[in-house]
1. Output needed: Cys residues of the chain lacking any neighbouring Cys C-beta below 4.7 Å, sorted by number.
2. Calculate I(q)/I(0) for the range 139-188 by the Debye formula, one identical point scatterer on each C-alpha and no solvent, and give its log10 at q = 0.13 Å⁻¹ to two decimals.
3. Could you list, in their original order, any pairs among 212/335; 15/56; 73/357 whose Cα atoms are separated by more than 32 Å?
4. Hey, any idea what Rg/Rh is for the range 260-331, computing Rh the Kirkwood way over Cα pairs?
5. Can you pull the semi-axes for the range 38-121, root of five times each eigenvalue of the Cα gyration tensor, sorted largest first, whole Å?
6. Using a 1.4 Å probe, what is the accessible area per residue for the chain, in Å²?
7. Tell me, what is a quarter of the convex hull surface for the C-alpha atoms of the range 1-159, in nm² with one decimal?
8. Out of the total accessible area of the chain (probe 1.4 Å, heavy atoms of protein only), what percent is carbon and sulfur?
Amino acid sequence: MNVLDSEMVVASLRKRGYSLTDQLEEADTILLNTCSVREQAENKIYSLLGTLREFKNEHPEKILGILGCMAQKDQSLVFQRAPFVDFVVGPGQLQAVPELIEKAQAGATRQMAVGRSRTDGTVEQVKRTHETFDPLRDPTMRPTPFQAYLRIQIGCDKFCTYCVVPGTRGPEQGRPPAQVVSEAHVLAEQGCLEIVLLGQTVNSYCYQENGKKTHLADLLKQLHEVDGIERIKFVTNYPKDMTVDLLETIRDLPKCSPYLHVPLQSGSDAILQRMKRGYSVQDYRDMMDRIGTILPAAAVASDFITGFCGETAEDHQQSMDALREFRFKNSFIFKYSERPGTSAAGRLPDDVPYPVKQQRNNELLAIQNQISAEENEKFVGQVVEVLVEGPSKNASRDAKEGPIQQLTGRTPCDRIVVFDGNQRQVGKLLPVAIYDNLPHTLLGNIVTQHIGPDVTSLQLS
Ligand code: 5AD
Ligand code: SF4
């Protein structure tokens with residue numbers, strides 16, 4: 001979500017003649033887009049602000065803005081901790097950035113544009129201060145021109161007890177389907193092959209107009225009709241909203257990737273209840289069974305939090321058991337970080353010592369790595385369809401003479417594949433034969449078709 005927000009802000013500034021630099025000395029405006037999901041992310045920003053203090057002293061004419069969730073959450077606290085910051089903008093007010101810069105250039109100090117807190121007015125009033133900011137897209141701002149994020153939902157109403165997002169990104173709001181589809185057409189015209197639909201609980205997407213409700217399954221059907229778009233992914237899902245209708249829609253629409261990121265968070269019912277996740281491990285198991293029946297080739301990924309309030313060794317054991325049972329393609333594993341303003345912070349003591357959180361984190365990671373490697377191993381000998389993204393991380397390190405270089409791309413189920421190829425293959429969907437694997441990467445060769453008696457038909461999986 002933050003990557004997309006940054007893309008949007010840069011696009012809106014480019015239209016006003018700005019250009020982007022990653023050199024601090026060259027910049028006349030410095031914008032930090034921030035995250036507040038865990039304390040560590042905020043610490044990084046405050047520590048960066050510490051190093052920017054002197055720079056801003058030496059160059060008071062340069063404009064410094066703090067964007068995103070930390071800005072929304074801390075508001076004037078940012079100015080208390082870093083008085084040299086020119087403005088603070090929440091994620092629902094990003095459309096104000098160009099104007100705030102202009103005003104700062106004209107001498108305005110300590111400007112603040114943030115959304116209302118969730119208890120400050122009616123839901124409708126609060127919603128209006130957490131707007132979606134999706135101006136016309138600038139293809140040059142994307143990591144690759146043929147892939148794009150497309151926001152379909154903002155905010156979250158789930159209120160998991162540990163999570164700051166319902167506070168920083170405001171109430172859940174689905175974007176009108178017509179707007180989403182027209183943005184997909186713009187992206188397709190720009191050469192985009194893959195769109196990744198974004199929402200905090202993307203499969204809870206719902207938009208109501210004239211008494212008619214549009215759910216994610218309906219939206220997928222509409223997006224599937226967009227010529228030029230070849231792949232559709234969506235993140236992140238909420239277990240309870242993974243309906244049979246949605247799964248059958250994914251099964252029936254070839255452009256929909258069978259990749260489902262559906263965070264479990266913990267394998268203990270007691271912890272899930274304390275997190276207010278709204279499901280039990282058995283509910284999650286039922287969902288996995290539905291996925292297994294309807295989409296047997298689906299890759300399911302998860303998130304876990306270790307050391308949540310009151311987590312015992314037994315609770316942790318249950319998370320390890322769940323990992324082994326569900327065999328996720330991959331899991332993002334985080335140590336619990338108490339966040340001010342969340343209901344856990346007010347009520348539940350953060351009582352698992354940091355080294356225990358760390359230890360449990362490492363244990364889950366070790367199990368997941370082994371499972372990821374075993375699941376990847378199953379691809380060896382298969383041909384997969386890869387959307388070629390560009391040179392791999394090692395491409396420059398292992399630079400070879402000539403046009404051949406190491407490329408990277410992803411399968412429909414979001415597995416990373418590394419193979420040799422050339423620049424012209426970037427942005428293409430190609431068959432790649434897998435000959436080996438690492439825990440998080442498949443190694444392959446692009447399949448070249450032979451014309452002649454030994455011609456083989458390619459089975460893409
Ligand atoms: N501490 C640790 N991890 C968190 N997450 C959300 N809030 C917290 C927190 N306070 C994790 C969840 C979520 C992912 C985006 O971040 O696992 O799915
Ligand atoms: Fe946070 Fe829960 Fe909403 Fe996800 S579903 S954004 S974890 S409150």
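The values are calculated or read from the model by the stated rules, or taken from the named source; none is laboratory data. Because the structure is predicted, anything quoted here is derived from the model rather than measured. FYI the Cβ positions are ideal-geometry reconstructions off the backbone, even for glycines, and counts take in every protein chain you see. Accessible surface areas use protein heavy atoms only, side chains included; no ligands, DNA or RNA. Shrake-Rupley method; radii C 1.70, N 1.55, O 1.52, S 1.80 Å.
1. Within the chain, the cysteines lacking a partner Cβ under 4.7 Å are 35, 69, 156, 192, 206, 256, 309, 413.
2. Cα-only, vacuum Debye calculation for the range 139-188: -0.45.
3. Result: 212/335 exceed 32 Å.
4. 0.96
5. Largest first, the range 38-121 gives 21, 17, 9 Å.
6. Per residue, the chain has an accessible area of 46 Å².
7. 10.2 nm²
8. About 51 percent, which is the carbon plus sulfur part of the accessible surface.
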